[in-house]
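All of the numbers you see were taken from the coordinates with simple rules; none came from a lab. As the structure is a prediction and not an experimental result, all values here were calculated from the model. Because the Cβ atoms are built from the backbone with ideal geometry, glycine has one as well, and the counts that use them run over all protein chains shown.
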Amino acid sequence: MSKVIKNGTIVTADRTWKADVLIKDEKIFAIGPDLHADHEIDATGCYVMPGGIDPHTHLEMPFMGTYSTDDFESGARAAVSGGTTMVVDFCLPSPGQSLLEAIQMWDNKSTRATCDYSFHMAITWWSEQVFNEMPQVVEKGITSFKHFMAYKGALMVDDDEMYASFQRCAELGALPLVHAENGDVVAGLQARLLEEGNNGPEAHAYSRPPEVEGEATNRAIMIADMAGTPLYVVHTSCEQAHEAIRRARQKGMRVFGEPLIQHLVLDESEYAHPDWDHAARRVMSPPFRNKQHQDSLWAGLQAGSLQVVATDHCAFTTEQKRFGVGDFTKIPNGTGGLEDRMPLLWTYGVKTGRLTMNEFVAVTSTNIAKILNMYPQKGAIVEGADADIVVWDPEAEKTISAKDQQSAIDYNVFEGIKVKGLPKTVLSRGEIVVDNGKVQPKPGHGQFVAREPHMAVNKALSQWKQVTAPRKVERTGIPASGV
Ligand code: DUC
Ligand code: ZN
Ligand code: ZN
Ligand code: ZN
């Protein structure tokens, strides 16, 4: 059945114009005046934009002795209800586990997704096996590899391993990603804070100051430069990290930075809240920062030195957060945001005049589609693109509340915030998944999006070389214990 979105104003990353959009067989078939189809969607007074892409989610992920509560079903429902039509989730092998086996697990988890999805692969350990599996991962359409510079003793990779993996990425045309925090310093600060009797959620923020992020971001950028590869820095939360990215870009390096909506909207005062649960629910890494850091992130989005707004959606219930009563290092790290990213960014970005509507589309969809090499299948309103479209009502308002959210957790870190600008109708590959503000989940409709590698720097693949004495890695099973 063909569909047409009529009477709206199309907003893309590069232009704004009035036209109808005709959809056939999951794709955009035509764009122009006066189009007709079997089913008409009225977009009078609305903007018609590429569906959002959230390139940073952790759905049903084994982490810190538990699993994040939103899975691909509730997570994708939350995504579409907020205008996001694609997520890129982190496939996370436990140290010692085969990358291909981990993909199998993520394939099984994602079968009930309502919207399309792709994966990044996490490099949580380094060995000849990992080295040899990386090309096979790329062949499966997973062309980005995440490295944790924090979570020492669990997910963290050392510099020699990171350098070796970055070189491997360079020759495969894959994009390395980093979680940039100095894990050694964080571990030291955590131990000292606990020794001094600081065991509450506020100590989480003290243990991860902006300096640990700035240092690690600089280090990752320099290592990427020496390995000859671009770099994508996830959850850039502070001026120190932003400054490193700006400087690298000015030198001609392809380094990308990704602020989260949480860091743009919420600040460190949340951790001083007298209610333990309130503060613990907001524990994530990196932690929320002060106003100066927020201003830096907004400036980066405006100036183009930061390119993408994501969520790092990793949702834990209050009960799970309470694993850390008496020891903040055991509070599962993570917050939600999938559902609220686009309305919040519209409210705090477009409505305040910080971002144009076209910039809004760029940072919520188009830029990451280009960075991850899936443009214009995703992130575009052009003939032939997937019909992932949000009809956005700039006049619709709501107050964010856990009681009407799709996420499976029992609270919302944005509770009580008023947003103006909401999705009215959302299409995922031509299927209506939000109809007049009502979510119509289609579990299983979502498909895996395979991505091509970028042009490889060096097609002649290298041979395995041991970097230093092999790290002792024991199969820990799933979930990764102690992580
Ligand atoms: N940070 C979080 O807060 N949660 C998941 C992983 C991460 O790096
Ligand atoms: Zn007509
Ligand atoms: Zn991270
Ligand atoms: Zn993350």
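Give the long-range amide H neighbours of Ala310: residues separated by 5 or more places, or on another chain, with amide H under 5 Å away, using H modelled in the peptide plane at 1.01 Å from N.
Here the answer is Leu260, Ile261, since their amide H atoms fall under 5 Å of that of Ala310.
Based on the Cα atoms of segment 163-252, what semi-axes does the equivalent ellipsoid have, where each is the square root of 5 times one gyration tensor eigenvalue, given in whole Å with the largest first? Can you show the working numbers first?
Values: eigenvalues 175, 40, 17 Å².
Sorted largest first and rounded, they come to 30, 14, 9 Å.
Choose one of Val11, His120, Pro135: the residue whose Cα lies farthest towards the positive end of the charge dipole of segment 1-154 (beta-carbon charges +1 Lys, Arg; -1 Asp, Glu; about the Cα centre).
Comparing the listed Cα positions along the dipole, Val11 ranks first.
Relative contact order (percent) for segment 218-265, with alpha-carbon contacts under 8 angstrom and 6 or more residues of separation? Don't skip to the end; give the middle numbers.
Details: 48 pairs, mean separation 20.8, N = 48.
Value for segment 218-265: 43 percent.
For helix 291-303, what angle does its Cα long axis make with the longest principal axis of the chain, in degrees from 0 to 90 and rounded to 10?
50 degrees
For segment 13-138, just list the percent of Cα-Cα distances falling in each 10 Å bin from zero outward, please.
11, 32, 26, 17, 11, 3
Take the cross-link list Lys370/Lys442; Lys370/Lys420; Lys152/Lys403; Lys378/Lys442; Lys370/Lys403 and give me the ones stretching past 31 Å between alpha-carbons.
Numbers: Lys370/Lys442 27 Å; Lys370/Lys420 28 Å; Lys152/Lys403 37 Å; Lys378/Lys442 19 Å; Lys370/Lys403 36 Å.
Too far apart for the 31 Å limit: Lys152/Lys403; Lys370/Lys403.
Which ³J(HN,Hα) values in Hz, rounded to whole numbers, follow from the phi angles of segment 421-428 under the Karplus curve 6.51 cos²θ - 1.76 cosθ + 1.60, where θ = phi - 60° and Gly and Pro get x?
x, 9, x, 9, 10, 10, 10, 10
Tell me which trypsin sites (Lys or Arg not before Pro) from segment 232-276 have a DSSP coil assignment and no more than 11 other beta carbons within 10 Å of their own. Don't skip to the answer; put the middle values down first.
Numbers: sites: Arg246, Arg247, Arg249, Lys251, Arg254; in loops: Lys251, Arg254.
Here the sparse-neighbourhood loop sites are Lys251.
Amide H to amide H, which residues 5 or more places from Ala154 or on other chains are under 5 Å from it, using H placed in the peptide plane?
Sorted by chain and number, the residues that satisfy this come to none at all.
Suppose every Lys and Arg Cβ carries +1 and every Asp and Glu Cβ carries -1, with no other charges. What dipole size does segment 293-339 come out with about its Cα centre, to the nearest 20 debye? Before the final figure, lay out the partial values.
Numbers: 3 positive and 5 negative charges, 30 e Å.
Here the size comes out at about 140 debye.
Using the Cα atoms of segment 97-235, I'd like the radius of gyration and the largest Cα-Cα distance, Dmax, both in angstrom.
Answer for segment 97-235, Rg first and Dmax second: 16.7, 50 Å.
If one takes the longest principal axis of the Cα atoms in the chain, at what angle in degrees, from 0 to 90 and to the nearest 10, does the Cα axis of helix 72-81 lie?
The two axes meet at around 50 degrees.
Residue by residue, what Karplus-based ³J(HN,Hα) values in Hz, rounded to whole numbers, does segment 398-405 have, using 6.51, -1.76 and 1.60 with θ = phi - 60° and x for Gly and Pro?
7, 9, 5, 8, 4, 6, 10, 9
So if each residue of separation counts as 0.36 nm, and I subtract the Cα-Cα distance between Asn436 and Leu194, what length gain in nm does that give? Mind showing how you got there, number by number?
On the way: separation 242, 0.36 × 242 = 87.12 nm, distance 5.04 nm.
Stretched fully, the Asn436-Leu194 segment lengthens by 82.1 nm.
Beyond a 19 Å Cα-Cα separation, which of these cross-linked pairs lie in this structure: Lys291/Lys398; Lys3/Lys27; Lys27/Lys146? Present the calculation step by step, with values, prior to reporting the outcome.
Working: Lys291/Lys398 25 Å; Lys3/Lys27 10 Å; Lys27/Lys146 31 Å.
Check vs 19 Å cut-off fails for Lys291/Lys398; Lys27/Lys146.
Which value at 222 nm does the chain reach when only helices count, each DSSP H run of 4 or more adding -39,500 (n - 2.57), with the total divided by all residues and rounded to the nearest 500 deg cm²/dmol?
Numbers: 15 runs with 139 residues, N = 483.
The per-residue figure over the chain is -8000 deg cm²/dmol.
Identify, among Ala37, Leu92, Ser269, the residue whose Cα sits farthest towards the positive end of the charge dipole of the chain, taking +1 on the Cβ of Lys and Arg and -1 on the Cβ of Asp and Glu, with the dipole about the Cα centre.
Positive-end residue among those listed: Ala37.
Considering only DSSP beta bridges whose two residues both sit in segment 5-71, what percent are antiparallel, to the nearest 5? Let's see the in-between values first.
Numbers: 11 of 15 bridges.
Once the DSSP bridges in segment 5-71 are tallied, antiparallel ones form about 75 percent.
Would you please state the base-10 log of I(q)/I(0) at q = 0.06, 0.07, 0.08, 0.14 1/Å for the chain, with intensities from the Debye formula using one equal scatterer on every alpha carbon?
So the normalised log intensities work out to -0.24, -0.33, -0.44, -1.41.
For the chain, give the magnitude of the charge dipole about the Cα centre (Cβ charges: +1 Lys/Arg, -1 Asp/Glu; no others), in debye to the nearest 20.
Around 620 debye, computed over the chain.
Treating each Cα of segment 151-200 as an identical point scatterer and ignoring solvent, apply the Debye formula and state log10 I(q)/I(0) at q = 0.13, 0.24, 0.28 Å⁻¹.
-0.44, -0.91, -1.06
Using θ = phi - 60° and the Karplus curve 6.51 cos²θ - 1.76 cosθ + 1.60, what whole-Hz ³J(HN,Hα) does each residue of segment 166-179 get, with Gly and Pro shown as x?
So the J values, rounded to whole Hz, are 4, 4, 4, 4, 4, 6, 8, x, 9, 9, x, 10, 10, 8.
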